[in-house]
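The values are calculated or read from the model by the stated rules, or taken from the named source; none is laboratory data. It should be emphasised that the depicted structure is a prediction, and the values quoted were computed from it without experimental measurement. Heads up, the Cβs are rebuilt from the backbone with ideal geometry, glycines too, and the neighbour counts pull from every protein chain shown. These area figures cover heavy atoms from the full protein model, side chains too; ligands, DNA and RNA do not enter into them. Shrake-Rupley method; radii C 1.70, N 1.55, O 1.52, S 1.80 Å.
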Amino acid sequence: MKNWLFFLLVCSISLAQDKYPKDYFGSPLDINLAIAGSFGELRPNHFHSGIDFRTNQKEGFPVYATADGFISRINVSNFGYGKCLYIDHPNGFTTVYAHLQMFSPAIDKYTRSNQYEQKSYTLELRPEANVIPVKKGDLIGYSGNTGGSSGPHLHFEIRDTKSEFIINPYLFGYDKLVKDSKAPVISGLLVYSLGETGNVNGSAKPVTIPLTLEKDGTYLASKITASGKIGFAINAHDISDYNYGKNGIFKLSAYLNGMPYYGYEFDTFSFDETKHINCFIDYPRYKQTHQRFQKLFVCYLYPENIIKTMKNNGKIDVSTNLTMNYKIVIQDFHGNQNTINIPISYGLLPLKQPKDETQTPYFLKSQNEHSYAKDGISVFVPENTFYDDFYVKFDVKNNELYFHDESVAMNNPVSITFDVSKMSSDEREKMFIGNIDGGRIEYNKTFKKDDAFSIKVKKLGRFLLAKDTIAPKIYSPNFKEGEQIDSLKTLKISISDNLSGIGEYEAYLNGKWILMEYENKLNRLTHYFTDDMYQDGRNDFKIIVKDNLGNSSVFESYFLKTKS
């Protein structure tokens, strides 16, 4: 019996160690690894789902398969991950390589043949296991800056192949490739009054708490006097050796009187949870100050796989004459940590700063659905669209909808509908529902049915019917008409649109469709002559560009090129 129990213990330990193998995956780059973005880092509207490796502000570094497997997915997009590869491995994990400049020759050939077949630059391919097998260390592409990238780097992920949960690459041993001897940095601490009659240091508004550095390296917060329910938020980031950037922290643990009370850890999460970052942080403060204070309390929706410990939703009830101590410990994956000790005492102080809350006729309960309508314009709010209950601002003036403001975080989109029955079909043709963003009109994909225009958006603010009758611009080709361009390896031209945005484009050489790669943030199209679509001598070039309202522009020219 004892031998059997010993065998079970050994097996359980072995399974735990094998869950995330530490020496299975290799480095995707052959340069020293430095982190530009950490796993779970707080980003606009999402948690960062991988690790960003710096590439010395350059493109074109070779990217390698980190283990044996096969290319299971190829995605090419103008946005998001840009040129991206996915490799399925026999151990049940998938690695992801995003923002690539280009693929390796074999993968590029396979991708381009499909792009020409579909006559589309953007595409998603899911090859079978025997189509593009790879070995550990095989070249699969080159680092770049495609898609939504804001600078040259390699975005790298590890996912569970079946569940598609994203997993922190450090759990697979990548922490050993990155030197980190520096503790996370604490930039600020806030305390909130969370009840209807709550009071923190004489305020119903969030209060900034001064911190003092102690001799032992910990921080001591100024004493808090409160009554009712309160909660905390911390502004913190991580740093590492040879890294000048501010990254996300890996783990936070909070204790009330020495007992675990609230905590989170960025080891794994699902893509469905990533939008909950806007309730994970103090969203109104972020919109106002661009500072991401991480809340240590939750509402009814929250990222369940990230938050590991939670009592009373993280909210502290200060309702006795006893003093309490609240301790926050933040740490990085390498074990470096920082601590704040916060003394709390009960007290009924005069309320000098009441909450700023404008009451309107429309009180929105976030877990219910709501409808609002006036003068032919309506808004439908599904249940669970917002994270908190609040007084919503709703009005219609001069055929424009005013629906609250961007200070409130959204979980799901709302539906907005305009009655256009009084407009002729000609008037409607180039119209859409736009919103005012920083003084300019922003396009929204508009559904047109019968006498109604409608949109689904995760936006709040001011909406109106707008019109786009101006065609896109086509300009700045990298050749002059009739010019001999034997020295050029690519054909480049710029395109842009002033309002509704580029909807589609088609390019032709001598009457045949050619592939042109679209780099949205550069407003540039590029064709590679290695596609061998040109002919010896004169080549007639034509490009047609349409915006999202169907306005169209055409550019035609010709150049001379000699077949090599």
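The figures follow:
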item: Selection from segment 354-405 of residues that are assigned to a loop (DSSP other than H, G, I, E, B) and aromatic (Phe, Trp, Tyr); result: Tyr362, Tyr387
item: Selection count, segment 151-204, where residues are among the charged types (D, E, K, R) and open to solvent by less than 30 Å² (accessible area, probe 1.4 Å); result: 3
item: Pick from segment 223-266, criterion touching a Leu at 6+ places or on another chain (Cβ under 8 Å) and among the polar types (S, T, N, Q), ranking: modelled with the lowest pLDDT; result: Ser227
item: One residue from Asn312, Asn321 being touching a Phe, Trp or Tyr at 6+ places or on another chain (Cβ under 6 Å), open to solvent by 80 Å² or more (accessible area, probe 1.4 Å) and under 26 Å from Thr225 (Cβ atoms); result: Asn321
item: Candidates Ser181, Ser149, Ser193, filtered to the one that is among the polar types (S, T, N, Q) and within 20 Å of Lys251 (Cβ to Cβ); result: Ser181
item: Long-range neighbours under 8 Å by Cβ, at least six apart or interchain, first residue closer than 16 Å to Tyr86 by Cβ and touching a residue at least 12 places away in the same chain (Cβ under 8 Å) within segment 135-149, second surrounded by 16 or more Cβ atoms within 10 Å (Cβ to Cβ) and of a type in the set (Lys, Arg); result: Gly141/Lys83; Thr146/Lys83; Gly147/Lys83
item: Long-range neighbours under 6 Å by Cβ, at least six apart or interchain, first residue at negative phi within segment 296-325, second among the hydroxyl-bearing types (Ser, Thr, Tyr) and open to solvent by 70 Å² or more (accessible area, probe 1.4 Å); result: Val318/Tyr346; Thr320/Tyr346; Asn321/Tyr346
item: Conditions (1) surrounded by fewer than 17 Cβ atoms within 10 Å (Cβ to Cβ); (2) in contact (Cβ under 8 Å) with a residue 60 or more places away in the chain; (3) assigned to a strand (DSSP E or B); number of the one not met by Phe432; result: (1)
item: Pair list, Cβ under 7 Å, 6 or more apart: segment 481-505 residue outside any loop (DSSP other than H, G, I, E, B), other residue among the small types (Gly, Ala, Ser); result: Ile493/Ser476; Ser494/Ser476
item: Condition check for Thr122: among the hydroxyl-bearing types (Ser, Thr, Tyr), under 23 Å from Gly60 (Cβ atoms), open to solvent by 10 Å² or more (accessible area, probe 1.4 Å) and modelled with pLDDT of 95 or more; result: yes
item: Qualifying residues in segment 155-198 (those that are outside any helix (DSSP H, G or I) and at pLDDT below 90) - the one nearest to Pro343 (Cα to Cα); result: Gly198
item: Every residue from segment 228-259 that is more than 30 Å from Gln57 (Cα to Cα), open to solvent by 10 Å² or more (accessible area, probe 1.4 Å) and among the small types (Gly, Ala, Ser); result: Gly228, Ser253, Gly258
item: Any hit, segment 344-367, residues being touching a Leu at 6+ places or on another chain (Cβ under 6 Å), farther than 30 Å from Ala471 by Cα and surrounded by 19 or more Cβ atoms within 10 Å (Cβ to Cβ); result: no
item: Condition met for Glu517 (open to solvent by 60 Å² or more (accessible area, probe 1.4 Å) and touching a strand residue (DSSP E or B) at 6+ places or on another chain (Cβ under 9 Å)); result: no
item: Tally, over segment 506-525, of residues that are farther than 19 Å from Asp108 by Cα and not in a loop (DSSP other than H, G, I, E, B); result: 9
item: Residues satisfying the stated conditions in segment 397-420, i.e. open to solvent by 60 Å² or more (accessible area, probe 1.4 Å), more than 28 Å from Ala471 (Cβ to Cβ) and either touching a residue at least 60 places away in the same chain (Cβ under 8 Å) or of a type in the set (Gly, Ala, Ser) (or both); result: Tyr402, Glu406
item: The lone exception for Phe280 - which of (1) surrounded by fewer than 20 Cβ atoms within 10 Å (Cβ to Cβ); (2) closer than 30 Å to Lys458 by Cα; (3) not small (Gly, Ala, Ser) it fails; result: (1)
item: Failed item in (1) open to solvent by 10 Å² or more (accessible area, probe 1.4 Å); (2) closer than 24 Å to Asn32 by Cα, with Val131 passing the rest; result: (2)
item: Subset of segment 449-458 that is open to solvent by 50 Å² or more (accessible area, probe 1.4 Å) and either within 22 Å of Asn384 (Cβ to Cβ) or in contact (Cβ under 8 Å) with a residue 24 or more places away in the chain (or both) - its residue that is nearest to the chain's Cα centre (by Cα); result: Lys458
item: Segment 526-555: number of residues that are open to solvent by less than 60 Å² (accessible area, probe 1.4 Å), part of a strand (DSSP E or B) and hydroxyl-bearing (Ser, Thr, Tyr); result: 3
item: Single match in Tyr443, Tyr475 (criterion: of a type in the set (Phe, Trp, Tyr), surrounded by 13 or more Cβ atoms within 10 Å (Cβ to Cβ) and at negative phi); result: Tyr443
item: Filter result (assigned to a loop (DSSP other than H, G, I, E, B), under 23 Å from Ser49 (Cβ atoms) and among the charged types (D, E, K, R)) within segment 291-327; result: Arg292, Glu304
item: Residues satisfying the stated conditions in segment 83-124, i.e. under 17 Å from Ile158 (Cα atoms), free of Cβ contacts under 8 Å to residues at least 60 places away in the same chain and in a strand (DSSP E or B); result: Leu85, Tyr86, Ile87, Ala98, His99, Leu100
item: Options Asn278, Asn321: the member that is more than 23 Å from Ile209 (Cβ to Cβ) and of a type in the set (S, T, N, Q); result: Asn278
